[in-house]
Amino acid sequence: MDWIERTASAVAAEKERLTSLDAAIGDGDHGTNLDRGFTAARAALEAKPPEFPGAALVQVGTTLISSVGGASGPLYGTVFRRTGKALGEAESVSARELADAIAAGLAGVQKLGGASVGDKTMVDVFVPALDALLAGLADGASVDGAFGAAADVAESAARSTIPLRARKGRASYLGERSEGHEDPGAASAALLWRALAESVGG
Ligand code: ADP
Ligand code: MG
Ligand code: MG
């Protein structure tokens, strides 16, 4: 719940930047889409506090799907729903279990949207950030350290979308004119990973 609270705050604070990134290579609604979605998700969690971490994330995903118009609603909704379902009804979750659950969420979004790394989407951030998290945990990094390093990787991966040509989503209609701009969904995914690291690190 703290992760969602922090994500909602970060998205609200960065709403204009996300929208202007989307104005350059899309339709200029990514910031408003996600702000609407995470505001609704936060309100839904407060109105009906879930019993388990997994149930919280499923509820967030469902709320995003129903409240966000646009591609990112079903895509992020799937990430959260699948991650939450993978956690099941566990009352507490280890770092490794959370990482594995996010892997299930990522698999869901790749199945739904068909994007691979390099297509200039949110997937360009999720894949290396998750790899960094799993590697950090496997190497015996502290939980704080592993999630913090994953967020650092997420932020640099978002910037790495700048030179790419979009091959999925609305930006792909622009062809080579999508080059030279950061992908808005990659930028929002980096916010989500930073919020997670802050939440886990306290
Ligand atoms: P819309 O394009 O419908 O207006 P948004 O602006 O909210 O939706 O979201 C756009 C973002 O969604 C893109 O920047 C990209 O990161 C992500 N996206 C679009 N299509 C896909 C896809 N097939 N797989 C993964 N992410 C995608
Ligand atoms: Mg858009
Ligand atoms: Mg749109």
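The values are calculated or read from the model by the stated rules, or taken from the named source; none is laboratory data. Note that this is a predicted model, so its numbers are computed, not measured. Here the Cβ is made from the backbone with ideal geometry for all residues, glycine too, and neighbour counts use every protein chain on show.
Numbers for the structure displayed
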{"quantity": "Where residue 80 falls short, out of the listed (1) at pLDDT 95 or above; (2) within 16 Å of ligand 2 (Cβ to nearest atom); (3) within 28 Å of residue 164 (Cβ to Cβ)", "calculated": "(2)"}
{"quantity": "Qualifying residue in the stretch 51-74 (condition: in contact with a His (Cβ under 6 Å, 6 or more places away or on another chain), closer than 24 Å to residue 111 by Cα and near ligand 1 (Cβ under 9 Å from one of its atoms))", "calculated": "no"}
{"quantity": "Any hit, the stretch 182-201, residues being within 24 Å of residue 111 (Cβ to Cβ), touching a helix residue (DSSP H, G or I) at 6+ places or on another chain (Cβ under 8 Å) and of a type in the set (Phe, Trp, Tyr)", "calculated": "yes"}
{"quantity": "Any chance residue 146 is over 21 Å from residue 30 (Cβ atoms) and hydrophobic (A, V, I, L, M, F, W, C)", "calculated": "yes"}
{"quantity": "Condition check for residue 61: at positive phi and in contact with a helix residue (DSSP H, G or I) (Cβ under 8 Å, 6 or more places away or on another chain)", "calculated": "no"}
{"quantity": "Filter result for residue 32 (part of a helix (DSSP H, G or I) and either touching a Cys at 6+ places or on another chain (Cβ under 7 Å) or away from ligand 2 (no atom under 16 Å from the Cβ) (or both))", "calculated": "no"}
{"quantity": "Selected residue (only one of 141, 195, 149, 107 is on the phi < 0 side of the Ramachandran plot and buried (at least 22 other Cβ atoms within 10 Å of the Cβ))", "calculated": "195"}
{"quantity": "Extreme residue, nearest to the chain's Cα centre (by Cα), among residues of the stretch 68-91 that are of a type in the set (Gly, Ala, Ser), farther than 22 Å from residue 22 by Cα and in a loop (DSSP other than H, G, I, E, B)", "calculated": "88"}
{"quantity": "Residue match in the stretch 9-16 (condition: more than 24 Å from residue 159 (Cα to Cα) and away from ligand 1 (no atom under 15 Å from the Cβ))", "calculated": "no"}
{"quantity": "Odd one out for residue 46 among (1) surrounded by fewer than 19 Cβ atoms within 10 Å (Cβ to Cβ); (2) in a helix (DSSP H, G or I); (3) within 16 Å of ligand 3 (Cβ to nearest atom)", "calculated": "(3)"}
{"quantity": "Any chance residue 190 is surrounded by 18 or more Cβ atoms within 10 Å (Cβ to Cβ) and at pLDDT 95 or above", "calculated": "yes"}
